[in-house]
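The values are calculated or read from the model by the stated rules, or taken from the named source; none is laboratory data. Just so we're clear, the structure is a prediction, and the values are computed from it rather than from any experiment. With ideal geometry, Cβ positions are generated from the backbone for all residues, glycine too; neighbour counts draw on all protein chains shown.
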Amino acid sequence: MRLGRRATTLRAPLVPTHTVRVRLRGCGGRLRIGTDATRLRTVTAVRSMQTLSVAVPSGRPVSAVRFARAAAARARQNGRARRACARVSVDRVDVAAPPVPLGAAVRDDALASDAPYRSALASDFRSATPENELKMEAVHPQPDIYSFERADGIVGFARSRGLAVRGHTLLWGEQLPRWVTSPVMPWTRSSLREVLRRHVTTVVGHFRGRIDTWDVANEVVRADGSRSSTIWQRTIGDDDLDVAFRAARAADPGARLVLNDNGIERAGAHQDGVVRLVRDLRARGVPVDGIGIQAHLDPGSGVTASDLDRTMSRFAALGVRVEITEADVPRSPPLTPAATVAQAETFAQAADACWQHAACDRFTVWGVTDAHSWRGADTGAVLVDGTGHPKPAYAAVRAALAGRS
Ligand code: G3I
């Protein structure tokens, strides 16, 4: 592309926070360069071959890189005025999206007792999900008692190290306090609706502005695509989801609200059920912003890169964001070198599928180190070993999330 008489605009598929690298050729003077979301800045003494980077600010869509001639320099240096570039040819434009952030599920007991665990979280991850500390049994042990200390500890640690925080989870059929599962008086539709509404309002409100995303609903669709049978769904009906998502939006309008599920990594009745549900909810104005693909990739799960690619395209087509929310790849002991390589490949496939889809903007592994994985330390299911050292799978995931797989 050659610089025109005054200016030239190069159309490029840019999204906010991208970096545009432009390689110039044949221009030995001053050039102005920018995008249609940034000011044109003057680059001087452009050598005959130079690569320039233009950062694209977040928040504004950008579709063009602009070049313009710079006025000849007023000041004379070394006796020579800096000529403006009479012509410039651009022979390459790289649009590099920022790496997809890597997150981990966090346990408060491990964070308090295990120094390598704590150090790995702070240095190897950019997002944290309290693994159990935000579930109803933990934060709402009695009808009129909320207990946020454990979750506050994780959120405080994460945010003090610049990590984002995901909330998990508000509406689930498991890890519920006994006062919900075995009430003195049986619940009615309206009394349990009020319990749910108040729970979501109180918990999301407590963390407003500190948790950027909530798994509002977790595992609410069965493998056959029908709604899971939980005390919420059985007592309230299918609009238990409406109650939870609307209360969450009202409590923190800035948080992303996600429907999280497992077993939806590949096409089938389960995935169809989630698509139907999300489409119906959104059509009724229920604020579902994203779908969480848990990606517990057990050996023999048979989930392939193309499965995930098709799945992400399908979910993104609903107009929602997509996240990998609970990735792990357990292996049967003994953890041989071959098994380690296979694990890295499986993780990298999932990470690459996320990188390839602009709708996928976070990849979370279900555990910081093997030592505290819910799968058991002997399965080596996550990215960092029990002593806090990243495994080959960690490097493979980081490369894939940066588009270098
Ligand atoms: O808190 C009690 C403790 O007081 C008791 O001494 C101890 C011994 O039994 O149990 C502790 O509760 C355990 C709880 O984790 C907190 O550590 C439960 O027994 C145990 O069943 C529970 O497991 C959690 C599991 O969800 C429950 O379904 C796992 O840690 C957690 O990783 C797992 O996470 C789920 C996601 O939330 C949803 N997606 C699937 C994922 C894996 O199952």
**Selected residue [out of contact with any Cys (no Cβ under 8 Å at 6 or more places or on another chain), modelled with pLDDT of 95 or more and within 16 Å of the ligand (Cβ to nearest atom)] from 215, 152, 238, 224** = 215
**Message:** Being assigned to a helix (DSSP H, G or I), more than 14 Å from the ligand (Cβ to nearest atom), at pLDDT 95 or above and surrounded by fewer than 18 Cβ atoms within 10 Å (Cβ to Cβ) is the requirement here; does residue 208 meet it?
**Reply:** no
**Request:** Look at the stretch 128-183 and say how many of its residues are farther than 14 Å from residue 107 by Cβ, of a type in the set (Gly, Ala, Ser) and touching a Phe, Trp or Tyr at 6+ places or on another chain (Cβ under 9 Å).
**Result:** 2
**Request:** Taking only the stretch 328-352 into account, find how many residues are free of Cβ contacts under 8 Å to residues at least 60 places away in the same chain and in contact with a His (Cβ under 9 Å, 6 or more places away or on another chain).
**Result:** 2
**Asked** Counting only residues that are under 16 Å from the mean Cα position of the chain (by Cα) and assigned to a loop (DSSP other than H, G, I, E, B), which one in the stretch 301-324 is surrounded by the fewest Cβ atoms within 10 Å (Cβ to Cβ)?
**Response** 319
**Asked** Does residue 109 count as surrounded by 18 or more Cβ atoms within 10 Å (Cβ to Cβ) and either within 10 Å of the ligand (Cβ to nearest atom) or more than 29 Å from residue 199 (Cβ to Cβ) (or both)?
**Response** no
**Complete:** Of those in the stretch 239-256 that are among the hydrophobic types (A, V, I, L, M, F, W, C) and under 14 Å from residue 194 (Cβ atoms), the residue surrounded by the most Cβ atoms within 10 Å (Cβ to Cβ) is 244
**Prompt:** What do you reckon, is residue 327 of a type outside the set (Phe, Trp, Tyr) and part of a helix (DSSP H, G or I)?
**Reply:** no
**Item:** Flag if residue 270 is at pLDDT 95 or above, over 19 Å from the mean Cα position of the chain (by Cα), within 16 Å of the ligand (Cβ to nearest atom) and of a type outside the set (S, T, N, Q)
**Value:** yes
**Prompt:** Does residue 352 qualify as being surrounded by 17 or more Cβ atoms within 10 Å (Cβ to Cβ), at pLDDT 95 or above and among the acidic types (Asp, Glu)?
**Reply:** no
**Complete:** Only unsatisfied item for residue 365, checking (1) over 15 Å from residue 383 (Cβ atoms); (2) crowded, with 20+ Cβ neighbours inside 10 Å; (3) touching a residue at least 60 places away in the same chain (Cβ under 8 Å), is (1)
**Message:** Here is a list: 298, 272. Which entry is part of a helix (DSSP H, G or I), surrounded by fewer than 21 Cβ atoms within 10 Å (Cβ to Cβ) and acidic (Asp, Glu)?
**Reply:** 272
